Amino acid sequence: MKKLILTLFCWTMVLGSFAQDNEKPAVGVSSLIGHVSIGNGIAGGASVADSIYNETRTKTPVFTIGADYTKGGNFSIGVITGYQRINLNVTDTFNNFLESGDVNRFYLGIRGLWHYGKSDKIDLYSGVKIGIVAFSTGAISGPQAKKSVIKRENNRTRTSFGIIPIGARFLITDNLGGHIQMSIGAPTFLSVGMNYRIL
């Protein structure tokens, strides 16, 4: 996995170095973006690790919102935050119900993007990101709620590193557009949404 991430990171660096000229990209500059994932089955992380328990998970999509900014050229920097709710239903090895509850998954991070191409309507980009992923539990119900394994294993925070191999924004009007993005690492794998360019 580390070799794959290193290879893709190098790939994004090469794309940036071969970008056409060093002029300001037409799309995605000084833009506010908001999007919702369509790959939430891969995103996640909440679980009950102990093998004596069985679990089923139900996830909402990962809702994210962010902003990117650049003064010009082919590089932008931005912030992104995301949220996902994961419901866990836990049984023992004999399928006796033990507990159920929600796990909240929050993400806050920064990212750097390399933009390439000169199209007035399409902005292609790749990049890297780093952030914090925090898991917290909500109300727990069931006969084992007082000694909850959901609470024991899903109140934690970790650092997340990731890359964005490819993304594209498409302008519909002078300011409003849509986008699709592939990502490795939290908070989403594949996302689609809308973006608004301020300037």
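The values are calculated or read from the model by the stated rules, or taken from the named source; none is laboratory data. Since this is a predicted model, take the numbers as computed values, not measurements. We place every Cβ from the backbone using ideal geometry, glycine too, and count neighbours over all the protein chains shown. Ligands, DNA and RNA are stripped out before the accessible areas are found, and what is left, the full protein with its side chains, is counted by its heavy atoms. Shrake-Rupley method; radii C 1.70, N 1.55, O 1.52, S 1.80 Å.
Of everything in segment 172-183 that's hydrophobic (A, V, I, L, M, F, W, C) and surrounded by fewer than 15 Cβ atoms within 10 Å (Cβ to Cβ), which residue is modelled with the highest pLDDT?
ILE172
Since SER119 meets every condition but one in (1) assigned to a strand (DSSP E or B); (2) among the hydroxyl-bearing types (Ser, Thr, Tyr); (3) surrounded by fewer than 17 Cβ atoms within 10 Å (Cβ to Cβ), which condition does it not meet?
(1)
Is it fair to say SER160 is in contact with a helix residue (DSSP H, G or I) (Cβ under 6 Å, 6 or more places away or on another chain), small (Gly, Ala, Ser) and open to solvent by less than 30 Å² (accessible area, probe 1.4 Å)? First the steps, then the outcome.
On the way: in contact with a helix residue (DSSP H, G or I) (Cβ under 6 Å, 6 or more places away or on another chain): no; small (Gly, Ala, Ser): yes; open to solvent by less than 30 Å² (accessible area, probe 1.4 Å): yes.
Considered against the rule, which asks whether it is in contact with a helix residue (DSSP H, G or I) (Cβ under 6 Å, 6 or more places away or on another chain), small (Gly, Ala, Ser) and open to solvent by less than 30 Å² (accessible area, probe 1.4 Å), SER160 comes out as no.
Condition test on ASP102, is it among the acidic types (Asp, Glu), out of contact with any Asp or Glu (no Cβ under 6 Å at 6 or more places or on another chain) and either open to solvent by 70 Å² or more (accessible area, probe 1.4 Å) or without any contact (Cβ under 8 Å) to a residue 12 or more places away in the chain (or both)?
no
Out of (1) crowded, with 20+ Cβ neighbours inside 10 Å; (2) modelled with pLDDT of 90 or more; (3) not in a strand (DSSP E or B), the odd one out for ALA186 is which?
(2)
Would you check which residues across segment 37-94 are modelled with pLDDT of 90 or more, surrounded by fewer than 16 Cβ atoms within 10 Å (Cβ to Cβ) and over 22 Å from THR157 (Cα atoms) and list them?
Hit for segment 37-94 is ILE77, nothing else.
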